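Since every read-out is calculated from the coordinates, none of them should be taken as a lab result. It should be emphasised that the depicted structure is a prediction, and the values quoted were computed from it without experimental measurement. Here the Cβ is made from the backbone with ideal geometry for all residues, glycine too, and neighbour counts use every protein chain on show.
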Amino acid sequence: MNERFICRDTAIPDLKIVETKRLGDDRGFLERLFCAEELIATGWRKPIAQINRTKTLRRGTVRGLHFQHPPHSEMKFVICLRGKVFDVAVDLRAGSPALLKFHTLILTEDTPLALLVPEGFAHGFQTLTDDVEMLYLHSLPYVAASEAGICPTDARLGIAWPLEISEISARDANHPGLDVSFTGVKL
């Protein structure tokens with residue numbers, strides 16, 4: 001792709017793993033986390049509209065699975081700045097051959113990986129360590145009226161969270177499950 005990023009496809013179309021290349025010496029390293037021009041090849045073709053950072057205090061906490069309905073569907077570029085997470089992206093796109101398939105990836109502060117989550121995906125993670133910090137770059141700003149989510153323990157998805165869920169917000173725990181009539185989100 002270029003000298004700073006390596007892009008890898010996943011089994012789900014349009015969902016990409018991006019590896020950054022760290023330039024280091026005995027002082028530490030420099031890592032370019034994002035470059036719009038260089039990341040066009042990953043499918044990121046929009047401006048960054050919002051950047052969010054989360055801090056999660058306790059191991060085993062689940063955040064997600066979140067998405068926004070059209071016309072506010074967003075791309076996310078997800079990076080772990082501190083700690084270690086089990087990251088999950090679920091394809092919700094109507095008509096997708098991978099509808100309701102999910103991809104998991106371990107993101108850590110020590111591994112230079114990011115996940116590019118396309119529009120029409122739900123996203124969430126479970127912390128595998130205490131004191132986790134995540135960075136999210138969003139292609140559109142958050143719109144409360146378009147906010148949605150799926151219960152992370154939904155049996156239809158069958159995500160095997162690696163740890164017992166120690167904490168989850170009431171909002172995330174009460175997201176609805178997917179019923180048999182769910183045919184995806186039309187983008």
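Taking region 43-60 as the region of interest, how many residues are buried (at least 20 other Cβ atoms within 10 Å of the Cβ) and either within 23 Å of P162 (Cβ to Cβ) or basic (K, R) (or both)?
The total comes to 1.
Filtering region 155-176 down to residues that are under 17 Å from K101 (Cβ atoms) and without any contact (Cβ under 8 Å) to a residue 60 or more places away in the chain, which residue is surrounded by the most Cβ atoms within 10 Å (Cβ to Cβ)?
Looking at the filtered set, the residue picked out is R156.
Could we say that V78 is of a type in the set (V, I, T), under 15 Å from L107 (Cβ atoms), surrounded by 11 or more Cβ atoms within 10 Å (Cβ to Cβ) and in contact with a Leu (Cβ under 7 Å, 6 or more places away or on another chain) here?
Values: of a type in the set (V, I, T): yes; under 15 Å from L107 (Cβ atoms): yes; surrounded by 11 or more Cβ atoms within 10 Å (Cβ to Cβ): yes; in contact with a Leu (Cβ under 7 Å, 6 or more places away or on another chain): yes.
Taking the combined requirement at face value, the residue satisfies it.
Scanning region 84-111 for residues that are touching an Asp or Glu at 6+ places or on another chain (Cβ under 6 Å) and surrounded by 19 or more Cβ atoms within 10 Å (Cβ to Cβ), which turns out nearest to L187 (Cα to Cα)?
L105
Mind counting the residues in region 53-96 that are farther than 18 Å from H175 by Cα, of a type in the set (A, V, I, L, M) and in a strand (DSSP E or B)?
So the count comes out to 4.
Results for (1) farther than 23 Å from L116 by Cα; (2) out of contact with any Lys or Arg (no Cβ under 6 Å at 6 or more places or on another chain); (3) assigned to a loop (DSSP other than H, G, I, E, B), shown as yes or no for each residue.
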{"residue": "Q126", "(1), (2), (3)": "no, yes, no"}
{"residue": "M134", "(1), (2), (3)": "no, yes, no"}
{"residue": "Y142", "(1), (2), (3)": "no, yes, yes"}
{"residue": "R156", "(1), (2), (3)": "yes, yes, yes"}
{"residue": "A160", "(1), (2), (3)": "no, yes, yes"}
{"residue": "L163", "(1), (2), (3)": "yes, yes, yes"}
{"residue": "R171", "(1), (2), (3)": "yes, yes, no"}
{"residue": "L178", "(1), (2), (3)": "yes, no, yes"}
{"residue": "F182", "(1), (2), (3)": "yes, yes, yes"}
